[in-house]
Amino acid sequence: MTVAAPGVDFKLQARDVRKTFVTRGGKQVVALDGIDVHARPGEFVSLVGPSGCGKSTLLYILGGFVRPDGGSVACDGAVVRGPGPERGIVFQEFALFPWKTVLGNVEYGLIERGVPPAERRERARRYLAMVNLAGIEGSYPKELSGGMKQRVAIARTLAVEPDVLLMDEPFGALDAQTRAMLQVELMRIWESTRTTIVFVTHALDEAIFLSDRIYVFSQRPARVKAVIDVDIERPRDREAMLDDPAYATLHHRLAQLLRSEESADDGSGRAG
Amino acid sequence: MTAADAPAESRPNPLLPFTGIAIVLLVWEFSPRLGLVSSGSVPPFSDVVVAAFGLFADRDFWGNLAVSAGRWAVGLILAIAIGVPLGVAMGRNRVLFALVDPLLTMSYPVPKAALILIFVLWWGAGDLSRIAIIIMGCLIPIVISSYHGSRAIDNRLVWSARALGTRSSAALFAKIVFPAALPQICAGLRLAIAISIFTLLASELLIRQSGIGSYMFTFLDDGQTPQVWACAALLATIAFLLDLGYVRIVHASLRWFEGDV
């Protein structure tokens, strides 16, 4: 596996990232064992792998929420030392601020930026419209469905126009139909904003539909097992894609890679 | 018998709660009159009501009530001002927690009423002791609920805020940690209100000198039983209304909250 040369043209790059955790019993568990991952500007990159392999941990390291024990992460060439609005994040559980209205949530980052009230209201409304949620500005998160909450979360992050959008199994908590609908929405939004996206999932159809490239991770201690280019032409039709033979080949290949990981797990440390 | 044949569950008669109260009042009214209990200790309900009106007309009643209310308010406000930030900070800082928690755990089972005498020895029988004992009484529930409120916060909320540009710990505290912990904090405050009233009254009954507890005790000394009962009933009513009012206010302010406070 060749290490990507230090490129100024990479939006986000992780080089030889390592992370070790100490369990309650004092045991050292290596979660990430030298990971090289990168995303070019405007690319949609997915991280797939068996449950608990550490792909979310890598995402948090990319975002600056977790410090790696080895290696480094650079965003636009600058070393990432902590979280910041350049790297937005969307979580599976939405993480909306429950005490704020939908508008309050979306405006949050703009308030932190110091955007004046009239302009930030307009911008917030624009991003809500982009996720097809115009009209619910005054609602509280508890009144929304899961799909709506996630769209608010996406709008909230996009409103600060981050360089990179990190998504941690964002549709995992949603039912199949909402999930499919949001995948299409995300594609539409990405086609118009062309934000660089790093997307964690373990749904292969989702990864193939959304991504330009897919990193496949091994079981813990995680390494990059393969990097797959998704050569299906854009714009992609979610239904029609399923009939594309290229899709079937890719799906088969990915499933094979993951299956060998699952059987390799000797059950000694079933990761959570 | 299928589900369709099962009788529909009828709603309980809405008059039932009032019926329960009415029964108690009737028993209260007639037991002393019929000699079932000594009317010297348990005056009939109607006598208590008359005595209550007498209290309303008594300037001393209002004066003492005001004194008590002042102590209570100061004690409670100070307990909140100390306890909430302390509890929330303990939830986020392990060192602080390790320092403070043992002290709280040790003082938790100590009956605060016993401490009243110690405070009196130390500070005399004035307002300082009364206020101190109120603070002692309700500090622990406030700290504990604030602590749990801040511990239970989903860390992803904090991370989201950081990824939206909030940098300093202080800003995260004020904008994210505190509002997220608020429902739990409010639950603890409700308890603190009840405890503070109780502690205040206990100290006034014990040390007397002034305040509604002392005022009430005087009637006991003089054998004016209906007035004693009237005082107790009025205090109970005030406490009940405070609690009711508090719950209403919290519900209105925390409309965004998904659970129960």
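The table below lists the values:
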{"quantity": "Scan of segment B:141-152 for residues that are in contact with a Pro (Cβ under 9 Å, 6 or more places away or on another chain) and either at the interface with chain A (Cβ under 7 Å from one of its Cβ atoms) or of a type in the set (S, T, N, Q) (or both), ordered by number", "calculated": "B:Ser146"}
{"quantity": "Matching helices (runs of 4 or more DSSP H) fully within segment A:54-171 where at least 2 residues are over 23 Å from A:Gln183 (Cα atoms)", "calculated": "A:102-113, A:117-130"}
{"quantity": "Failed item, numbered, when B:Arg130 is tested on (1) charged (D, E, K, R); (2) within 13 Å of chain A (Cβ to nearest Cβ); (3) in a helix (DSSP H, G or I)", "calculated": "(2)"}
{"quantity": "Members of segment A:189-205 found to be in contact with a helix residue (DSSP H, G or I) (Cβ under 9 Å, 6 or more places away or on another chain) and either of a type in the set (Lys, Arg) or closer than 16 Å to A:Lys55 by Cα (or both), listed by number", "calculated": "A:Ile197, A:Val198, A:Phe199, A:Val200, A:Thr201, A:His202, A:Ala203, A:Leu204"}
{"quantity": "Candidate set: segment B:218-261, residues that are within 14 Å of chain A (Cβ to nearest Cβ) and surrounded by 16 or more Cβ atoms within 10 Å (Cβ to Cβ); chosen: the one farthest from B:Ile185 (Cα to Cα)", "calculated": "B:Trp256"}
{"quantity": "Long-range neighbours under 6 Å by Cβ, at least six apart or interchain, first residue modelled with pLDDT under 90 within segment B:190-204, second outside any helix (DSSP H, G or I)", "calculated": "B:Glu204/B:Gly211"}
{"quantity": "Filter pass, A:Gly77 being more than 12 Å from every other protein chain (Cβ to nearest Cβ) and either touching a residue at least 12 places away in the same chain (Cβ under 8 Å) or of a type in the set (Asp, Glu) (or both)", "calculated": "yes"}
{"quantity": "Meets criteria (more than 19 Å from A:Val200 (Cα to Cα), more than 9 Å from chain B (Cβ to nearest Cβ) and modelled with pLDDT of 95 or more) for A:Leu133", "calculated": "no"}
{"quantity": "Residue list for segment A:232-272, filter: modelled with pLDDT under 90, assigned to a loop (DSSP other than H, G, I, E, B) and basic (Lys, Arg)", "calculated": "A:Arg234, A:Arg270"}
{"quantity": "Spans of helices (runs of 4 or more DSSP H) in segment B:1-114 with at least 2 residues at positive phi", "calculated": "none"}
{"quantity": "Residues that are more than 20 Å from B:Leu189 (Cβ to Cβ) and touching a Phe, Trp or Tyr at 6+ places or on another chain (Cβ under 6 Å), drawn from segment B:109-157", "calculated": "B:Ser129, B:Arg156"}
{"quantity": "Matching option when the condition is in contact with a helix residue (DSSP H, G or I) (Cβ under 8 Å, 6 or more places away or on another chain) and either at pLDDT 90 or above or at negative phi (or both), among B:Ser169, B:Ser150", "calculated": "B:Ser150"}
{"quantity": "Tally, over segment A:206-239, of residues that are closer than 15 Å to A:Arg253 by Cβ, charged (D, E, K, R) and in contact with a helix residue (DSSP H, G or I) (Cβ under 8 Å, 6 or more places away or on another chain)", "calculated": "2"}
{"quantity": "Those residues of segment B:153-178 which are more than 7 Å from every other protein chain (Cβ to nearest Cβ), of a type in the set (Gly, Ala, Ser) and either surrounded by fewer than 17 Cβ atoms within 10 Å (Cβ to Cβ) or over 13 Å from A:Asn105 (Cβ atoms) (or both), in sequence order", "calculated": "B:Ser168, B:Ser169, B:Ala170, B:Ala171, B:Ala174"}
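Results for (1) farther than 12 Å from A:Val90 by Cβ; (2) within 14 Å of another protein chain (Cβ to nearest Cβ); (3) basic (Lys, Arg); (4) crowded, with 17+ Cβ neighbours inside 10 Å, shown as yes or no for each residue.
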position	(1), (2), (3), (4)
A:Leu158	no, yes, no, yes
A:Glu191	yes, no, no, no
A:Leu204	yes, no, no, yes
A:Tyr215	yes, no, no, yes
A:Asp231	yes, no, no, no
A:Pro235	yes, no, no, no
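The values are calculated or read from the model by the stated rules, or taken from the named source; none is laboratory data. Predicted model, so just to flag it, every value in this text is computed and none were measured. So basically every Cβ, Gly included, is an ideal-geometry build from the backbone, and we count neighbours across all protein chains shown.
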